[in-house]
Each structure stands twice: as structure tokens, then as C-alpha cells.
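These notes concern the structure reproduced below.
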Amino acid sequence: MEVSAQGKQNEKILLAYSGGLDTSVAIHWLKEKYGCEVIAVTVDVGQSDDLKDAMRRAKTIGASRAWMIDAKKEFADNFVLPALKANALYEGNYPLSTAIARPLMVEKLVEMAKRLDCTTIAHGCTAKGNDQVRFEVSIMALAPDMGILAPVREWKMTREDEINYAKEHDIPIPVSVEKPYSIDESIWGRAIECGVLEDPWTEPPEDIFEWTNGTDTSPQEHEYVEIGFFQGKPISLNGVQMGFLDIIAKLNDIAGNHGVGRIDHIENRLVGIKSREVYEAPAAIVLIKAHQDLESLVMAKDLLHYKKVIEQHYSDLIYNGLWFSPLKDAMDAFVEKSQEMVTGTIKLKLFKGSAVVVGRESPYSLYSTALSTYAKGDEFDHSSAKGFIYVWGLPLKVGSMVKAGANGNGTTGEAAVSEGSYTVCK
Ligand code: ARG
């Protein structure tokens, strides 16, 4: 429900506050425009910013209250994990670090809005991005009566105007005209947009990266990591059992140090725009690679192939803001069922930006050396291959013979089809 300016004075607006430029300006702007109370709520999904400082800034700018909700564990277990089990990569590249954080944020914001008697939730998304869709569609799904405000969509300021607005009103902001990047982070990855990146020909400058080394500065020595999975969930790193959230944090450090997880992607947004996106997602890339590889080892071919179709659909659905949809729930059920045997260990080698799977083992491995070997101990029944190929190729053989006969050059064909009548002559 879009909200109008009238009659807001006595209401409370809950603002999804990130501490960034847009939402900092929004606190001041909302109060000025609607004359109502603004409560800032930040959901911690693993942003590396100082969120306590962001809370203080929200109050300085004029929020009546500022809350921070630590949702990192919930994010890992209920949002990242299903995405990992589905090997979710939008357009084969982007691990959806921002896209999966939005539905969780909305869950928390709605909870908080109800608790604090707020009638409206405001967010700082622009009119050109996917996040506005994700926020609003998720609010519509979880709290159909909640009002929604999108100040950035209304105020028609450029980023430079916003920076100037902030200066005029003494709003402390973390960006400058020289470093105008829009950054979004969760434990699953860091997205970088705007500035020179808007020219798809321009190589991303080294100073935009914070989680990953470039190939110049990453170690000269490779490093191995071993990831243990239980039914699709990572449960250990290098033989040490640990929680999923810790595994992600550690892998962001280890793989990021080796420069793994940089993604430079021309992306198709839901709102019809192609955009140039740069990501850093070391843990996501390593874990998805490892998980995919373990699935290859333990999953029956038809399930594996069918799941890949689901995975693409699932990634699109998440990207497009439909986390809280019946189709997503049904797909989750399929993916969950598919993970029953996804237990085992994957070994990867990290070096100069690459993460390569070099070993795998599982109690449910369908790989049989006796069947695959070309050496001694071969148990494959070689004589069965001939009959199999006869049956497998038979439709092609018959089809080809019929075609040859119809073209009038069939010498061996038993059948010929005459043009128009399709009569078959023996
Ligand atoms: N393009 C990505 C997505 O739509 C990342 C968006 C990052 N958001 C941001 N405010 N910088 O999921």
C-alpha cells in the first residue's frame, strides 16, 4: 500500500536503516516531509560496517529510536543454507547475497513494526533496482496491511544531490563525491555498484575491493581447504566441526586472502535494466563449488540433471523477490529431499583467485572404481555394451533409413514415404 503525505503526522514510520547515504538522508527527509516520528531499524546480516556507530548516527540525524537486530545466525541457517543447497547463482554468476538478505530483513522489520505500532515501513531503495521489489513484495506477503514508503523513489535527487543535501543538513555520511560507490554487504557477499563501474569497459579499480586480494597481493603459495557436509549443510572446515556461520566467516577470510570470489557481471535486473555489478563472495563461491561437486559424486544422474533446472528457476525466483511464495516453498521441499545423501568431504585448492576442487569422498559415493577403471579389477560387463548401443541407436537408425528412402536414394531402406500422401511402400 503506497502511502500519501496526508495524515501521517501522528504516525510512526519504521525505516529500514543501513547507515548508508540513502537511508541517512531519508531520516531527515521523512521527518521534514511527513512531520512524523521515524524509528530506524538495522538488521545485521554480517555487514562489516560499524552498526553501533550507524545507530548513533541515526539518532543524531533525528530518528526517535534506533534499533539493531543481530540476525546473522538466522540468516545463515534459514536463508543462506537453502540457497546453498540449491547452488543458487543468478545468471550462473551471482550468489544472491543481497537478494536473500532482503526477505529476512523484511521478516524482522515487520515483526518490529508490529511491536512498535508503526503503520508504515520505509526503505531506502531506488526506483531502478531490484531491492525495492524484494522489500515491497515481501512486506505485501507478510503484512498485507502495512503502508510502504520509498523516499528515494520520490525525492528525485541524484546521488550527488543527496551528498550535497547531507552536507547542508549536517548529516554524517560514509560516502564522498570521489568515492561514490553503492555497497551492500551480507555474510554471503559484498556488492559494489556506481562510480566508474558504470562503464562496463572500465576495469574495477583495486580500491573497491575489501574482502579479496588481487592476484598481485595474494599469497604466492597455494592453500588447501577441506569442507565437510552433512545432508547438504557444511559442518566442518579442515576437519574441525563448526557452526555454519563460523564456516562462512572463516572461508571469507581464507579464500578472500587468495583472491577467490571476485565477480564482474553484466546483470539483468528485474526492472529491465542491464547493470554492471561487481561482487566479492569468497565463501559463497567456495561453498557452492564444493557443494555442487559433492552432489555430482552422490546424486543419481537424473536427479542431478533435473535439480539443475530447478536451481536456475529457484535463483530467478529469489532474485525477483518471490522468497515468500508458494512456488519457492515447494521448490525448497524438492531441494531438501534431494540432499539426503549429500554427506561427505570436499578438498579444494585455493591459489591466485581460483578455487579448484581436487578431491572428494562420501559414504554415499556412487562412484565405483570397479566400474570406471581401465586397469585391473574392471567389473564392467563389456559384452553388454554392444546390445545397449543397438537399442539406444535404433530410433536414429530407423529414422535415417526412412528419410533416405523418402529422398529417393535409399538403397538399404525398407520403407519409402511419398511426398504429400505419406503412403509407406514396402
Ligand atoms: N545487483 C544485486 C542485486 O540486485 C546487488 C544489489 C546491491 N544493492 C545495493 N544497494 N548496492 O541483488
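Only the coordinates and a few stated rules stand behind these numbers; no lab work does. The shown structure was predicted, so the numbers you read here are calculated from the model rather than taken from an experiment. Cβ atoms come from the backbone with ideal geometry, glycine included; neighbour counts cover every protein chain shown.
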Defining a contact as two alpha carbons under 8 Å apart and six or more residues distant in sequence, what relative contact order in percent does the chain show?
15 percent
Note: Asp70 to Ser400 extended length (0.36 nm per residue) minus current alpha-carbon separation gives 112.3 nm
Would you give the gap between the C-alpha center of region 232-286 and the C-alpha center of region 368-399, rounded to a whole Å?
40 Å
What's the ranking of 308-321, 121-134 by average number of surrounding C-beta atoms within 10 Å, highest first?
121-134, 308-321
Using the crude model of +1 on Lys and Arg Cβ and -1 on Asp and Glu Cβ, and no other charge, please compute the dipole size for region 24-65 relative to its Cα centre, in debye to 20.
180 debye
Using +1 at the Cβ of each Lys and Arg and -1 at the Cβ of each Asp and Glu in region 186-372, identify which of Asn213, Val196, Pro282 lies farthest towards the dipole's positive end.
Pro282
Tell me, in nm to one decimal, what length is gained between Tyr374 and Phe334 on full extension, where the rule is 0.36 nm per residue of separation less the Cα-Cα distance?
10.7 nm
Going Cα to Cα from Lys386, which lysines come in below 26 Å? Please leave out same-chain ones fewer than 8 positions away.
Lys301, Lys376, Lys397, Lys403
Using a simple spin-label model with points 7 Å from Cα along the Cα→Cβ vector, what separation in nm is obtained for Lys128 and Arg115?
3.7 nm
Computed label-point distance, nm, for sites Asp53 and Lys167 using a 7 Å Cα→Cβ extension:
2.1 nm
Calculate the dipole size of region 186-372 relative to its Cα centre from +1 charges on Lys and Arg beta carbons and -1 charges on Asp and Glu beta carbons; express the result in debye to the nearest 20.
660 debye
Once the other residues with Cβ under 14 Å from the Cβ of Lys52 are scored (Lys, Arg +1; Asp, Glu -1), what is the net sum?
-2
For the peptides 162-168, 96-102, what is the packing order when you average, over each peptide's residues, the other Cβ atoms within 10 Å and list the highest mean first?
96-102, 162-168
Build a GNM of the chain with springs between Cα atoms under 10 Å: which of Val357, Val240, Val398 gets the top mean-square fluctuation?
Val398
Does a label point 7 Å from the Cα of Glu154, set along Cα-to-beta-carbon, have any residues of region 95-120 with amide nitrogen under 14 Å, and which are they?
119-120
Cα extents of region 12-177 along the three principal axes, largest first (Å):
47, 37, 28
Size of electric dipole in region 263-401: Cβ of Lys, Arg +1 and of Asp, Glu -1, about Cα centre, debye, nearest 20:
420 debye
Which one of Glu32, Glu379, Glu203 has the biggest mean-square fluctuation once the chain is modelled by GNM with Cα springs under 10 Å?
Glu379
Could you tell me how many degrees, from 0 to 90 and to the nearest 10, lie between the Cα long axis of helix 301-319 and the main elongation axis, the longest principal axis, of the Cα atoms of the chain?
20 degrees
For the Cα atoms of the chain, what angle does the longest principal axis make with the long axis of helix 21-34, in degrees from 0 to 90, nearest 10?
50 degrees
Among Lys156, Lys307, Lys85, Lys114, rank each residue by its count of other Cβ atoms within 10 Å, from fewest to most, as a rough exposure measure.
Lys156, Lys114, Lys307, Lys85
Using the Kirkwood radius over Cα pairs, work out the Stokes-Einstein diffusion coefficient for the chain at 37 °C and 0.692 mPa s, in µm²/s as a whole number.
133 µm²/s
Once the dipole of region 237-367 is set up with Lys and Arg at +1 and Asp and Glu at -1 on Cβ about the Cα centre, which of Phe351, Pro326, Val240 lies farthest towards its positive end?
Phe351
Starting from the 7 Å offset along Cα-to-Cβ, what nm value, one decimal, do you get for the label separation of Glu210 and Leu366?
4.3 nm
Projected onto the charge dipole of region 31-75 (+1 at Lys/Arg Cβ, -1 at Asp/Glu Cβ, origin at the Cα centre), which of Thr42, Ala58, Ala71 gives the Cα projection farthest towards the positive end?
Ala58
At R0 = 25 Å the Cβ-Cβ FRET efficiency linking Lys308 and Gln220, nearest 0.05, sits at 0.10
Could you give the angle, 0 to 90 degrees to the nearest 10, between helix 244-257's Cα long axis and the longest principal axis of the Cα atoms of the chain?
90 degrees
Classify region 85-138 as rounded, prolate or oblate from the Cα gyration tensor: take a ≥ b ≥ c as the square roots of its eigenvalues, call it rounded if a/c is under 1.5, otherwise prolate when a/b beats b/c and oblate if not.
oblate
Global form of region 203-280, assessed from the alpha-carbon gyration tensor, a/c cut-off 1.5
oblate
Net charge of Cβ neighbours under 15 Å - reference Trp67; Lys, Arg +1; Asp, Glu -1:
+2
Row for region 186-372, column shape: gyration tensor on C-alpha, a ≥ b ≥ c, rounded if a/c < 1.5 i.e. under 1.5, prolate if a/b over b/c, else oblate; value oblate
Relative packing of 263-276, 61-74, which averages over residues the other C-beta atoms within 10 Å, highest first
61-74, 263-276
Over 25 Å (Cα to Cα) among Lys85/Lys179; Lys59/Lys167; Lys308/Lys347; Lys31/Lys73 -> Lys85/Lys179; Lys31/Lys73
